[in-house]
Amino acid sequence: MSFNIAIDGPAGAGKSTIARAAAQELGFLYVDTGAMYRAIGLGLLRKGTDLASDGALEAALADIEVGLGYEDGAQQVYLNGENVSSLIRTEQVGNMASSAAARPQVRAKLTELQRGIARRENVLMDGRDIGTVILPEAQLKIYLTASVETRAMRRYQELTAKGETYSLEQIAEDIRDRDYRDMHREVAPLCQAEDAVLVDSSDMTIREVTDRIICLAKERMEG
Ligand code: CDP
């Protein structure tokens with residue numbers, strides 16, 4: 001049977017950086033489910049889909065195919081066969097992904113894809129609902145969080161390094177909005193699973209958090 005690790009938490013908690021490093025050190029496949037929601041977000045933006053209309057959303061989703069692949073161990077996400085791994089990393093796509101992720105039709109489209117990978121492989125999967133909905137039987141669940149200020153500063157540095165200009169205040173506001181949407185939606189809201197280990201990364205380095213997760217994983221694998 002495969003060993004599954006679920007990492008959930010709000011935007012900017014450092015999940016993807018930490019999850020990627022921990023997965024590599026453990027020899028697990030890293031699955032970034034946020035990238036799949038972002039790919040759908042990009043597809044919907046390109047089509048100019050009105051999310052308020054169920055009909056328009058369903059018609060657009062019927063035309064959107066999301067795929068995952070790996071190049072040199074790095075996850076690649078495909079939208080109708082096009083590698084969109086870099087194109088999805090903008091605030092605009094992130095905001096559309098977050099709005100689209102509140103819709104059950106969008107979540108249903110990705111659920112089986114995510115579960116199928118976890119059945120076949122040892123995975124470290126990160127997202128919002130992995131421990132609660134997608135992999136409720138995961139052998140290790142982590143809820144990774146940090147203060148809004150810390151998360152906004154990290155996201156600001158990440159976007160500035162890529163040459164995108166946003167104010168820190170704007171990013172903090174986006175993070176608050178996104179937290180609210182993720183935590184209050186009706187389907188699969190972001191929340192800590194009862195059996196998840198809480199890790200607050202506000203005052204921890206990436207290395208410290210990664211080591212903590214590896215240590216917890218090794219304990220569970222041996223136990
Ligand atoms: O990079 P960031 O943490 O902001 O977000 P992400 O992990 O790339 O995911 C983009 C958006 O997809 C999030 O804001 C969530 O609303 C949504 N998402 C979700 O609903 N469920 C998941 N398992 C992963 C992402």
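The values are calculated or read from the model by the stated rules, or taken from the named source; none is laboratory data. Keep in mind that what you see is a predicted model, and the values were worked out from it rather than measured. Backbone-built Cβ (ideal geometry, glycine too); neighbour counts: all protein chains shown. Surface accessibility is based on the protein's heavy atoms, side chains included, excluding ligands, DNA and RNA. Shrake-Rupley method; radii C 1.70, N 1.55, O 1.52, S 1.80 Å.
Here the Karplus curve 6.51 cos²θ - 1.76 cosθ + 1.60, taken at θ = phi - 60°, turns the phi angles of segment 138-144 into couplings of 3, 6, 9, 10, 10, 10, 9 Hz, with x standing for Gly and Pro.
When the trypsin sites (Lys or Arg not before Pro) in segment 145-195 are filtered for DSSP coil states and for at most 16 other beta-carbon atoms within 10 Å of their beta-carbon, the remaining sites are 162. Near the amide H of residue 3, within less than 5 Å, lie the amide hydrogens of 122, 123, all on another chain or at least 5 residues away, with H placed in the peptide plane. Heavy-atom accessible area for residue 15, with the other protein chains in place and a 1.4 Å probe, reaches approximately 20 Å².
According to the square roots a ≥ b ≥ c of the eigenvalues of the Cα gyration tensor, what is the shape class of segment 1-117, taking rounded for a/c under 1.5, prolate for a/b larger than b/c otherwise, and oblate for the remainder? Numbers along the way, then the final one.
Details: a/c = 1.81, a/b = 1.75, b/c = 1.03.
Since a/c reaches 1.5 and a/b is larger than b/c, the shape of segment 1-117 is classed as prolate.
Taking a point 7 Å from the Cα of residue 80 along the Cα-to-Cβ direction, the residues of segment 36-61 with backbone N closer than 18 Å to it are 36-51, 56-61. At what distance in nm do the modelled label points of residue 167 and residue 24 sit from each other, each positioned 7 Å from its Cα along Cα→Cβ? The modelled label-to-label distance comes out at 3.7 nm. Of the residues 132, 145, 90, the one that moves most in a GNM of the chain with alpha-carbon contacts below 10 Å is 90.
Taking a straight Cα-Cα cut-off under 23 Å and skipping sequence neighbours fewer than 8 places away in the same chain, the lysines within cross-link reach of residue 162 are 15. Look at the alpha carbon pairs under 8 Å that are at least 6 residues apart: their mean separation over the length of the chain gives a relative contact order of 34 percent.
The modelled label-to-label distance between residue 203 and residue 95, using points 7 Å beyond Cα along the C-beta direction, is 3.4 nm. Length gained on full extension, residue 194 to residue 112: 27.2 nm, using 0.36 nm per residue less the C-alpha separation.
Note on segment 9-88 and segment 189-217: Cα centroid distance 22 Å, given to the nearest whole angstrom. Amide H to amide H distances under 5 Å link residue 141 with 6, 197, where only residues 5 or more positions off or on other chains count and H is placed in the peptide plane.
Modelled spin labels at residue 184 and residue 149, positioned 7 Å past Cα toward Cβ, are 2.4 nm from each other. Computed about the Cα centre, the dipole magnitude for the chain is approximately 200 debye when only Lys and Arg (+1) and Asp and Glu (-1) carry charge, each at its Cβ.
In the chain, what percentage of the DSSP-assigned beta bridges are antiparallel, given to the nearest 5?
Taking every DSSP beta bridge within the chain, about 30 percent pair in antiparallel fashion.
Give the longest segment of the chain that steers clear of GluC sites (Glu not before Pro) in DSSP loops with at most 11 neighbouring Cβ atoms within 10 Å, not counting the sites themselves. Walk me through the numbers before you get to the answer.
Values: sites that count: 137, 186, 194.
In the chain, the maximal stretch lacking such sites is 1-136.
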